[in-house]
Amino acid sequence: MQQLSDLLSVKQFVEKIRRQLNAEKLDIGDVFERCFLSTLDTTIQQKEDGTTFIITGDIPAMWLRDSACQVKPYLFVAKDSPDISRMIEGAIRRQINSILIDPYANAFNECANGNCWEHDKTDMKPELWERKFEIDSLCFPIELAYLYWKYCGINTTFDADFLKAAKLIVSVFRVEQNHEQKSNYSFERFNCGFADTLSRNGKGALVNPETGLIWSGFRPSDDACVYGYLIPSNMFAAVILDYLSEIASQVYQEDEFAAETKIFSQELRAAIEQAAIVRPDGKRFFKPFYAYEVDGYGQYLIMDDANLPSLLSMPHFGYCDADNEYYKNTREIILSEQNPYYYSGKYAEGIGSFHTASNYVWHISMGMQGLTSRSRSEKRKILEAMVATDGGTGWMHEGIDVNDPSKFTRPWFSWANAIFTELVLDYCGYSLADSSRQT
């Protein structure tokens with residue numbers, strides 16, 4: 001089988017972008033080409049059953065979140081390339097199959113081989129690499145399928161299994177609105193840091209079930225939530241519930257499910273606006289903004305994390321416009337030292353993560369800052385900074401030391417490469433933001 005990176009459609013697309021970058025006198029074409037082709041060459045495995053298994057890079061497992069982000073930039077090629085289209089469709093089918101195996105798992109094995117990150121106390125299956133419940137794991141596959149439909153005009157992923165998975169996702173969201181009383185999910189890991197397991201014998205921190213928010217055990221960083229209502233993930237869930245409503249109505253003619261998901265999205269948005277906004281106190285905060293996590297009892301966490309979805313990323317994922325007042329206020333807070341994971345140094349500035357050491361900014365968050373910026377000059381500045389902090393490798397990484405880019409985590413991190421290429425494409429005028437208005 002021909003390598004996907006050797007396809008004429010891929011080569012022509014890469015060359016087109018390189019010409020645009022050269023015309024802009026932006027010397028990042030080599031790194032763009034390496035990052036764009038790398039995922040196709042090194043992480044994608046197309047199976048005989050028509051599905052696509054995608055490893056995250058240096059870990060031999062498929063995360064639902066990462067895999068969706070890894071293939072997202074190729075939507076721009078898929079329109080004119082049956083081979084790339086087939087690869088993306090295979091990824092969506094693999095993701096849907098995985099959700100049907102266990103909607104509470106975040107990462108999956110290539111087959112039912114019993115491999116796992118750790119031997120955790122939870123309802124493990126041999127297909128699961130890890131079973132950390134993260135709301136976003138159920139959102140990213142829906143977003144990818146929706147964008148594939150809207151941007152490429154292909155609806156063949158919307159079969160009986162997709163509808164079954166969609167209804168399962170909604171069911172899980174409903175259960176986790178009252179995690180304490182209705183959910184059977186628990187997770188315990190032993191001989192580890194506190195952020196790698198859930199408190200209260202695996203049940204997680206206590207939350208108020210009256211808020212209408214959806215509980216999440218873990219963040220997209222795979223670290224445990226301090227407070228169980230993770231706001232960026234609830235925001236993303238509200239968006240994909242709208243997507244499911246549109247799919248149910250236009251593709252399946254399932255009017256009842258379409259109405260249910262539309263109402264659920266509206267309820268969730270109302271819950272977010274009610275429970276997640278930090279009000280001015282006249283001392284430290286003078287404008288209303290979104291908290292990162294809340295418990296519904298009055299406790300909230302002021303921060304943002306590099307991993308997606310984040311508060312920074314909300315316009316990118318469609319929850320609000322970049323000019324939304326609360327978003328602009330939130331952006332001002334999280335891109336400052338009021339965010340404990342914001343770092344600034346000699347070579348880089350941006351948002352890091354509890355997941356990595358202090359003073360390590362993530363390329364993912366730098367890319368997302370560019371993707372959500374209204375300023376083309378800021379996008380350019382960030383692209384140049386990302387390339388300048390690749391540690392001389394020609395690849396993007398997880399976290400990089402803001403004062404010494406030769407120090408970085410994860411030399412092979414496909415998700416970061418994908419976010420970089422997505423920002424390059426955005427800078428060159430390629431955006432999926434308006435795909436919901438395409439047919």
Output for the stretch 145-192, where each listed residue is acidic (Asp, Glu) and either part of a helix (DSSP H, G or I) or more than 28 Å from Asp223 (Cα to Cα) (or both): Asp159, Asp161, Glu176, Glu180
Filter pass, Ser216 being surrounded by 21 or more Cβ atoms within 10 Å (Cβ to Cβ), touching a Pro at 6+ places or on another chain (Cβ under 7 Å) and either at pLDDT below 95 or of a type in the set (Gly, Ala, Ser) (or both): no
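Just need a number here: residues in the stretch 86-124 that are aromatic (Phe, Trp, Tyr) and more than 23 Å from Gln46 (Cβ to Cβ).
Residues in the stretch 86-124 being aromatic (Phe, Trp, Tyr) and more than 23 Å from Gln46 (Cβ to Cβ): 2 in total.
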Residue among Glu325, Glu267 that is over 23 Å from the mean Cα position of the chain (by Cα) and either over 25 Å from His363 (Cβ atoms) or of a type in the set (Lys, Arg) (or both): Glu325
Asp49, sole failed condition from (1) under 19 Å from Met386 (Cβ atoms); (2) in contact with a Lys or Arg (Cβ under 9 Å, 6 or more places away or on another chain); (3) in a loop (DSSP other than H, G, I, E, B); (4) not β-branched (Val, Ile, Thr): (1)
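Evaluate the following for Gln274: is it within 22 Å of Lys150 (Cβ to Cβ), surrounded by fewer than 16 Cβ atoms within 10 Å (Cβ to Cβ) and of a type outside the set (Ser, Thr, Tyr)?
No, not satisfied.
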Pair list, Cβ < 6 Å and 6+ apart or interchain, from the stretch 198-217 residues that are more than 15 Å from Ser233 (Cβ to Cβ) to residues that are in a loop (DSSP other than H, G, I, E, B) and of a type in the set (S, T, N, Q): Gly202/Ser186; Lys203/Ser186
Complete set of residues in the stretch 320-353 that are buried (at least 19 other Cβ atoms within 10 Å of the Cβ), touching a Pro at 6+ places or on another chain (Cβ under 9 Å) and under 17 Å from Glu398 (Cβ atoms): Ala348
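Identify the residue in the stretch 353-379 that is within 15 Å of the chain's Cα centre (by Cα) and either without any contact (Cβ under 8 Å) to a residue 24 or more places away in the chain or assigned to a loop (DSSP other than H, G, I, E, B) (or both) and, among all such residues, is farthest from Asp390 (Cα to Cα).
Thr372
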Per-region count, the stretch 87-119, residues touching a residue at least 24 places away in the same chain (Cβ under 8 Å) and assigned to a loop (DSSP other than H, G, I, E, B): 10
From the options Pro103, Pro82, Pro73, residue that is surrounded by fewer than 20 Cβ atoms within 10 Å (Cβ to Cβ) and in contact with a Leu (Cβ under 7 Å, 6 or more places away or on another chain): Pro103
Pick from the stretch 340-352, criterion out of contact with any strand residue (DSSP E or B) (no Cβ under 6 Å at 6 or more places or on another chain) and part of a strand (DSSP E or B), ranking: nearest to Lys381 (Cα to Cα): Glu349
Residue within the stretch 357-371 that is at positive phi and modelled with pLDDT under 95 present: no
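The values are calculated or read from the model by the stated rules, or taken from the named source; none is laboratory data. Small disclaimer: the values here were computed from a predicted structure and weren't measured. Cβ sites come from the backbone with ideal geometry, for glycine too, and all protein chains shown count toward neighbours.
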